[in-house]
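The values are calculated or read from the model by the stated rules, or taken from the named source; none is laboratory data. Note that the coordinates shown come from a computational prediction; the quantities given were computed from them, not determined experimentally. Glycine also receives a Cβ, built like all others from the backbone with ideal geometry; neighbour counts cover every protein chain displayed.
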Amino acid sequence: MIERMHSNERASKIVKHNGVVYLSGQVGDAENDIQGQTTDCINKIEALLAEAGSGPNQILQAIVWLADMDDFAAMNEIWNAWLPVEHAPARACGESRLARKELLVEITIIAACDTDYNY
Amino acid sequence: MIERMHSNERASKIVKHNGVVYLSGQVGDAENDIQGQTTDCINKIEALLAEAGSGPNQILQAIVWLADMDDFAAMNEIWNAWLPVEHAPARACGESRLARKELLVEITIIAACDTDYNY
Amino acid sequence: MIERMHSNERASKIVKHNGVVYLSGQVGDAENDIQGQTTDCINKIEALLAEAGSGPNQILQAIVWLADMDDFAAMNEIWNAWLPVEHAPARACGESRLARKELLVEITIIAACDTDYNY
């Protein structure tokens with residue numbers, strides 16, 4: 001009843017259960033600025049959701065952590081251009097220092113997914 | 001299968017899927033102190049849950065972010081008086097600087113909701 | 001349809017709904033170092049999941065908050081040794097000051113659980 005993909009000793013990037021997919025927190029390329037890293041996160045999320053039998057229109061909850069809340073407006077420029085209004089997820093955004101100091105944003109997703117994929 | 005309410009380009013305040021409702025992180029009026037802002041959050045959450053076909057007795061998980069953990073005791077005075085023991089949700093509370101420096105608390109909710117509303 | 005265990009005025013340590021269990025954020029013994037506190041968290045999570053009709057192989061999402069991200073490697077040594085690769089959950093890890101300054105790590109879990117337990 002639980003399906004995991006891209007698993008290692010620390011985490012699975014994708015965990016599916018009962019029509020819901022949980023993604024590990026996604027981060028960007030440490031060489032990029034906040035807008036580049038936000039775009040990286042979005043691209044990784046889209047790829048993982050596609051693998052999971054889900055998609056960007058099925059995101060239920062997004063938790064956005066910014067290493068520096070001063071990047072809020074710049075991150076939102078990229079974020080707001082991503083999804084059509086009718087598919088916007090529930091979202092919360094807080095400041096949290098991330099695993100490496102070069103990482104500026106981490107996005108954690110819960111989405112709906114194709115239940116036929118599991119059963 | 002997914003229902004969204006109060007949606008804009010950034011987020012939906014309410015997202016319902018398969019008997020579960022996800023609310024965007026709720027914050028208080030920036031002019032209020034920590035106890036006033038906590039009360040504001042609770043009032044907003046109650047109103048959104050009512051719209052979603054849910055209610056404060058159906059909260060599954062609450063994530064509380066405080067801009068300053070020194071407000072923990074004052075926030076808890078309001079929080080603890082809110083829900084009867086038999087309806088207390090799973091909770092985690094951490095410190096996180098929020099989107100504007102006047103914001104002292106943000107609460108993110110996952111709750112059960114009426115499935116008939118969706119199907 | 002919602003079952004709560006270990007409830008007090010602030011929170012329920014266990015909340016079950018529709019085959020999913022939400023645990024309150026678990027912390028360790030404040031006298032221990034980061035590796036000891038991580039072990040404490042794991043032990044508490046295992047005990048709560050067992051009570052909930054779940055187990056460590058059914059964790060869907062783990063959110064790890066470290067009071068100091070400099071503890072990331074030391075925490076991961078304990079974390080990585082915990083679960084077999086095939087049962088690794090989706091995970092996100094950010095820095096967040098916790099409720100008391102002696103607390104170094106808090107872990108918040110969503111897991112699958114036995115639905116027969118509820119219905």
Quiz item: Taking into account only those residues within the range B:29-57 that are touching a residue at least 40 places away in the same chain (Cβ under 8 Å), within 14 Å of chain A (Cβ to nearest Cβ) and under 11 Å from the mean Cα position of the chain (by Cα), which is farthest from A:His17 (Cα to Cα)?
Solution: B:Cys41
Quiz item: With respect to the numbered conditions (1) within 14 Å of chain B (Cβ to nearest Cβ); (2) surrounded by fewer than 18 Cβ atoms within 10 Å (Cβ to Cβ); (3) touching a Pro at 6+ places or on another chain (Cβ under 9 Å); (4) not basic (Lys, Arg), which one is the sole condition not fulfilled by C:Met5?
Solution: (3)
Practice problem: Just need a number here: residues in the range B:14-28 that are within 10 Å of the chain's Cα centre (by Cα) and either in a loop (DSSP other than H, G, I, E, B) or at the interface with another protein chain (Cβ under 8 Å from one of its Cβ atoms) (or both). | Solution: 4
Exercise. From the list A:Ala99, A:Ala111, pick out the single residue that is assigned to a strand (DSSP E or B) and either at the interface with another protein chain (Cβ under 9 Å from one of its Cβ atoms) or buried (at least 22 other Cβ atoms within 10 Å of the Cβ) (or both).
Key: A:Ala111
Quiz item: If you go through the range C:7-28 one residue at a time, how many are touching a residue at least 24 places away in the same chain (Cβ under 8 Å) and either on the phi < 0 side of the Ramachandran plot or basic (Lys, Arg) (or both)?
Solution: 13
Quiz item: Any idea which of (1) small (Gly, Ala, Ser); (2) buried (at least 24 other Cβ atoms within 10 Å of the Cβ); (3) over 23 Å from A:Val21 (Cα atoms); (4) more than 14 Å from chain B (Cβ to nearest Cβ) is the one C:Ala88 doesn't satisfy?
Solution: (3)
Practice problem: Give me a count of the residues in the range A:58-89 that are under 17 Å from A:Val27 (Cα atoms) and without any contact (Cβ under 8 Å) to a residue 40 or more places away in the chain. | Solution: 7
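Can you confirm whether the range A:93-105 contains a residue that is out of contact with any strand residue (DSSP E or B) (no Cβ under 9 Å at 6 or more places or on another chain) and at pLDDT 95 or above?
Among the residues of the range A:93-105, at least one is out of contact with any strand residue (DSSP E or B) (no Cβ under 9 Å at 6 or more places or on another chain) and at pLDDT 95 or above, which makes the answer yes.
Looking at the range B:52-62, is at least one residue part of a loop (DSSP other than H, G, I, E, B), closer than 22 Å to A:Asp70 by Cα and hydroxyl-bearing (Ser, Thr, Tyr)?
Looking through the range B:52-62, none of the residues is part of a loop (DSSP other than H, G, I, E, B), closer than 22 Å to A:Asp70 by Cα and hydroxyl-bearing (Ser, Thr, Tyr).
Confirm whether B:Ala62 is crowded, with 18+ Cβ neighbours inside 10 Å, out of contact with any strand residue (DSSP E or B) (no Cβ under 6 Å at 6 or more places or on another chain), closer than 17 Å to B:Val105 by Cβ and modelled with pLDDT of 95 or more.
It is false that B:Ala62 is crowded, with 18+ Cβ neighbours inside 10 Å, out of contact with any strand residue (DSSP E or B) (no Cβ under 6 Å at 6 or more places or on another chain), closer than 17 Å to B:Val105 by Cβ and modelled with pLDDT of 95 or more.
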Practice problem: For the range A:70-77, indicate whether the set of residues that are in contact with a Lys or Arg (Cβ under 9 Å, 6 or more places away or on another chain) and among the aromatic types (Phe, Trp, Tyr) is non-empty. | Solution: yes
Practice problem: For the range B:68-94, enumerate the residues that are closer than 14 Å to A:Ala92 by Cα and either among the acidic types (Asp, Glu) or in a loop (DSSP other than H, G, I, E, B) (or both). | Solution: none
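Within the range B:109-117, identify whether any single residue is polar (S, T, N, Q) and closer than 16 Å to B:Ser54 by Cβ, and answer yes or no.
Checking the range B:109-117: at least one residue is polar (S, T, N, Q) and closer than 16 Å to B:Ser54 by Cβ.
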